[in-house]
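Notes follow the structure.
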Amino acid sequence: MSQPQWESHVFATIYSEAVELKAESEKAGRPIFTDLPFIRITIPGDTNNIIERKLTEQDKHKYPRAWADYERGESQGFTGTPLEQWPQITRAQVKESKYFECHTVEQLAGLTDSHCQKMGMGFRELREKAKAYLGVAESTAAATAQALENEKLRQEMAELRAMIAEGGEKKVGRPRKEANEGAQA
């Protein structure tokens, strides 16, 4: 599994944790702490498999978005469409999903069969609906972008037509060479 694909199937949060420095504490005769980065990895649909540990260099490469967010000091939320904003899911299903660390439509679409089974009846069907929803959204995104580009071009053409209709009163560019020579003579 490639790195970006791996990161899309789990939720990785990098955070700072105060850790006591034993040797320095003994020397100073008081507790000395430093902030170190830790990582919390959850797999949507699996509450029994949550990993929390000190961040490694490998983690920085494996979870580049989480690392970039941490470096920017941004709070780490879930990337994607929140389940609350998806009309095809009930409030009860949203709460059940969150219990299983599944917070977005994208995470729901990426659940495995075993995770759907753990979550209970109806979650396989919800996963399929989520996949279909994301597929439709992806195909309409291209159409929406094309429509916006077309509208922008229409506005530019309307502006150019208006300039031509005004008789070219607005002159763009350098004056003609003959006009410059006549002014010098």
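The values are calculated or read from the model by the stated rules, or taken from the named source; none is laboratory data. Quantities reported herein were computed from a predicted structural model and do not represent experimental measurements. Because the Cβ atoms are built from the backbone with ideal geometry, glycine has one as well, and the counts that use them run over all protein chains shown. Surface accessibility is based on the protein's heavy atoms, side chains included, excluding ligands, DNA and RNA. Shrake-Rupley method; radii C 1.70, N 1.55, O 1.52, S 1.80 Å.
Here are the numbers for the structure shown:
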read-out: Area accessible to solvent at Tyr133, 1.4 Å probe radius, in Å²; value: 70
read-out: Percent of Cα-Cα distances greater than 16 Å, calculated over the range 85-126; value: 20
read-out: Heavy-atom accessible area ranking, 1.4 Å probe, most first, across Leu21, Leu83; value: Leu21, Leu83
read-out: Ranked order, Trp67, Trp86 - accessible area, probe 1.4 Å, largest first; value: Trp67, Trp86
read-out: Amide H within-cut-off set for Leu21, under 5 Å, with H built and near neighbours excluded; value: Ile32, Phe33, Thr34
read-out: Calculated FRET efficiency for the pair Gln88/Asn48, C-beta based, R₀ 22 Å, to 0.05; value: 0.20
read-out: Residue-level accessible surface for His61, protein heavy atoms, 1.4 Å, Å²; value: 110
read-out: Cβ-Cβ FRET estimate between Thr34 and Glu57, R0 fixed at 22 Å, reported to 0.05; value: 0.75
read-out: Hydrodynamic radius of the range 111-165 per Kirkwood, over alpha carbon pairs, in Å; value: 14.6
read-out: Solvent exposure, largest accessible area first (probe 1.4 Å, DNA, RNA and ligands not counted), of Ser114, Ser97; value: Ser114, Ser97
read-out: Val136 - accessible surface, heavy atoms, 1.4 Å probe, Å² rounded to 10; value: 90
read-out: Qualifying lysines (Cα of each under 30 Å from Cα of Lys129; at least 8 residues distant if same chain); value: Lys62, Lys95, Lys98, Lys118
